[in-house]
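Accompanying notes for the structure given below.
FYI, it's all coordinate maths here, none of it is from the lab. None of these values were measured; they are calculated from a predicted model. Positions of Cβ are generated from backbone atoms using ideal geometry, with glycine treated the same way; all protein chains shown enter the neighbour counts.
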Amino acid sequence: MARRVFEAWKGSNKFLFGGRLIFGPDVWSLPFTILLIVTPVCFFSVFVATHLRQELLPNNAGHAFLVAGVLLTVFVLILLFITSARDPGIVPRNMHPPEEEICYDTTISSDGRQTPTVQIPRTKEVMVYGVPVRVKYCDTCMLYRPPRCSHCSICNNCVERFDHHCPWVGQCIGVRNYRYFFMFVSSATLLCIYLFSMSALYVKVMMDNHQGTVWRAMRESPWAVLLMIYCFISLWFVGGLTGFHLYLITTNQTTYENFRYRSDNRINVYNRGCSNNFFEIFCSKGKPSRNDFRAFVKEESPRNIRLATTWERAEGENREERRQKVEDELDIDEDIMNLQQRSNVEDGSDSGHQKIDIDIMRVESSERAPTIRSEARHGNWGARSSNAQEDIVDVSSSVRESRSYAAAEEGR
Ligand SMILES: [Zn+2]
Ligand SMILES: [Zn+2]
């Protein structure tokens, strides 16, 4: 039966309504975030807004306090939902490494052993506003990441203009939802200020109407005081975040870039001046999604891409029908990268792990880079065979069973 893209999805995302909504794997935190917003508003409506209406305005105009608060809350929740439920800018994975970049080679070690290797340049240079920018190869997605794109380790996807993975929203913040994320955070700040000032106004009204002191008024309206404390604490968090992102927007940086490149005094090629930067975030035409999660996956004939590896195993082990899958554990750090390659032996009794050792060297754009040499070790690490055998491991086994995404193909 034909499967849809979201059913064959290799990232860690959660889908709802037949792939119409996409969330991060930690979407369970979303109800908690909603509760943090809705609970104080409920207390405001019941204990502050209604009493304030009676105390201050004995006519219907007093409803305005309540209506304004509820409308602002609905606005905040809608922005939260948009941020959380839409494609943040995921770059569709390739089904195989870019063939034009692969270089097959054989290296001869000091003991005269021949090791077949496959080489993929780790980095490539692309021009951004006339400035060369180094982009990296993503082993999981098997593509060269576009500039500003990064692989989210939580969602296991490459995301364009990756800002950060927000655990409160349960989604990556990227090119397609950054605008809504910022509006969510800033409107949440406004909501905090509104609730705080309304509660303070209520205490003031209580004080004036009953000719009491501040302390007495506060004792008589404990909910208003609690709300003020809650909003004051929240304001440090959301207000601080709004200020930080305002700074990032004016300088056209992402959170990721700010944290990562803070110490380097590198020129920010994306900074086009304050007003242009604001225009880019808030007024530019939204980037369309590169994924159609509801499209049917298109079967693709297997490609004979063979990653040459060296196998070392105990004698007598059945070495047929190996499947292996390369997993990107971490975002590639400057020069050191560890890849772990997992091997599943088909008989299921022995699912050993392999480790790919990658000799990373500083790669210049034109240079062919690190040699991927894979050593497979089966479960018993001590019993490594002395007569190491060479073998070609077909990594396309995962390609064989994989399908291509119709939508993804279109985009390329
Ligand atoms: Zn990736
Ligand atoms: Zn993420």
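Put simply, of Val175, Val225 the only residue that is of a type in the set (Val, Ile, Thr), in a helix (DSSP H, G or I) and on the phi < 0 side of the Ramachandran plot is Val225. Pick from Ser199, Ser187, Ser153: which is buried (at least 22 other Cβ atoms within 10 Å of the Cβ), over 20 Å from Leu21 (Cβ atoms) and small (Gly, Ala, Ser)? Every option except Ser199 fails the conditions. Does the range 147-157 contain at least one residue that is assigned to a strand (DSSP E or B) and either of a type in the set (Ser, Thr, Tyr) or away from ligand 1 (no atom under 14 Å from the Cβ) (or both)? Yes, because at least one residue in the range 147-157 is assigned to a strand (DSSP E or B) and either of a type in the set (Ser, Thr, Tyr) or away from ligand 1 (no atom under 14 Å from the Cβ) (or both).
Count of the range 75-108 residues, restricted to those that are within 16 Å of ligand 2 (Cβ to nearest atom) and among the polar types (S, T, N, Q), is 2.
Rundown of residues vs (1) over 30 Å from Val159 (Cβ atoms); (2) under 20 Å from the mean Cα position of the chain (by Cα); (3) not in a helix (DSSP H, G or I), yes/no style:
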| residue | (1), (2), (3) |
| --- | --- |
| Asp26 | no, yes, yes |
| Phe32 | no, yes, no |
| Cys42 | yes, no, no |
| Val46 | yes, no, no |
| Glu55 | yes, no, no |
| His63 | yes, no, no |
| Gly69 | yes, no, no |
| Thr83 | no, yes, no |
| Asp87 | no, yes, yes |
